[in-house]
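Q: Here's a structure for you.
The values are calculated or read from the model by the stated rules, or taken from the named source; none is laboratory data. Quantities reported herein were computed from a predicted structural model and do not represent experimental measurements. Here the Cβ is made from the backbone with ideal geometry for all residues, glycine too, and neighbour counts use every protein chain on show. All accessible areas refer to the heavy atoms of the entire protein, side chains included, with ligands and DNA or RNA removed. Shrake-Rupley method; radii C 1.70, N 1.55, O 1.52, S 1.80 Å.
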Amino acid sequence: MTDAELAAHLAEVAGKILIEVRESGVFEGKALGKAGDQTANQFLVHALREQRPEDGLLSEESKDTDERLSKERVWIVDPVDGTREYGEARTDWAVHVALCVNGKPEIGAVALPGLGTVLRTDAPIAVPAAAETPRMVVSRTRPAAEAVAVSEAIGAELVGMGSAGAKSMAVVRGEAEIYLHTGGQYEWDSAAPAAVALAHGLHASRIDGSPLVYNNSDTYMPDLLICRPEWAERVLAEVGKLAS
């Protein structure tokens, strides 16, 4: 398999594993989230070490080491992006598998198991036409103040949604025009979504407009903008006004 085929295959299989864990009926609440995270992580980590033993690896659910920092190729995975949504049997959760090359999110796949679909860098879909009134996806439980302020400035409609992967893919799938995040994330939250968004011709950057750079010693990545390219300049300008 090519790297892109591998990413998509692993994301899809991990998603099916997660559905099976949930439907087993032996876990509930936080125990379900923990079981799902650990089971999917074991599959992804073992599969990547078997299929790409020379590459680096960073996973939310595995202890990080400095070994990956010397690698040009590093896989960055999030076994369950949106554990709460997964546990509640919602559809707005995801599985992220990305390959970053020299810090750039080059290849990736985001599975949306609740919807039975996988978005991938090597098979981009046609992005639907934009809505006349822009829609901005935000956290369904705690929308960031910056996102609310920008939405008011540009006349955007706020759409509450769960995980980062689900929100990012909502832009790819034409369900929203803008995903602006300022509440703190880590590299595994955005590596695969950014790779997929870029492969679909969308804008993906930090909120100061700088590029997204991965495989850093500090994996904290506090902010993210994924949007249709025609909205990037305006949104970045409004964010800049808030910061000044």
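Q: Has the stretch 18-27 got any residue that is at pLDDT 95 or above, part of a strand (DSSP E or B) and either open to solvent by 40 Å² or more (accessible area, probe 1.4 Å) or under 24 Å from A194 (Cβ atoms) (or both)?
A: No, every residue in the stretch 18-27 fails to be at pLDDT 95 or above, part of a strand (DSSP E or B) and either open to solvent by 40 Å² or more (accessible area, probe 1.4 Å) or under 24 Å from A194 (Cβ atoms) (or both).
Q: Oh, and also: Quick one: how many residues across the stretch 183-241 are hydrophobic (A, V, I, L, M, F, W, C), assigned to a loop (DSSP other than H, G, I, E, B) and surrounded by 17 or more Cβ atoms within 10 Å (Cβ to Cβ)?
A: Of the residues in the stretch 183-241, 4 are hydrophobic (A, V, I, L, M, F, W, C), assigned to a loop (DSSP other than H, G, I, E, B) and surrounded by 17 or more Cβ atoms within 10 Å (Cβ to Cβ).
Q: Looking at E67 and the list (1) surrounded by 21 or more Cβ atoms within 10 Å (Cβ to Cβ); (2) part of a helix (DSSP H, G or I), which single condition is not satisfied?
A: That leaves (1) as the condition not met.
Q: Sort through A130, A153 and tell me the only one that's open to solvent by 30 Å² or more (accessible area, probe 1.4 Å), of a type in the set (A, V, I, L, M, F, W, C), in contact (Cβ under 8 Å) with a residue 12 or more places away in the chain and part of a loop (DSSP other than H, G, I, E, B).
A: A130
Q: Quick one: which of V171, V159 is touching a helix residue (DSSP H, G or I) at 6+ places or on another chain (Cβ under 8 Å), among the hydrophobic types (A, V, I, L, M, F, W, C) and touching a residue at least 40 places away in the same chain (Cβ under 8 Å)?
A: V171
Q: All but one of (1) open to solvent by less than 90 Å² (accessible area, probe 1.4 Å); (2) farther than 19 Å from N215 by Cα hold for K30, so report the exception by its number.
A: (1)
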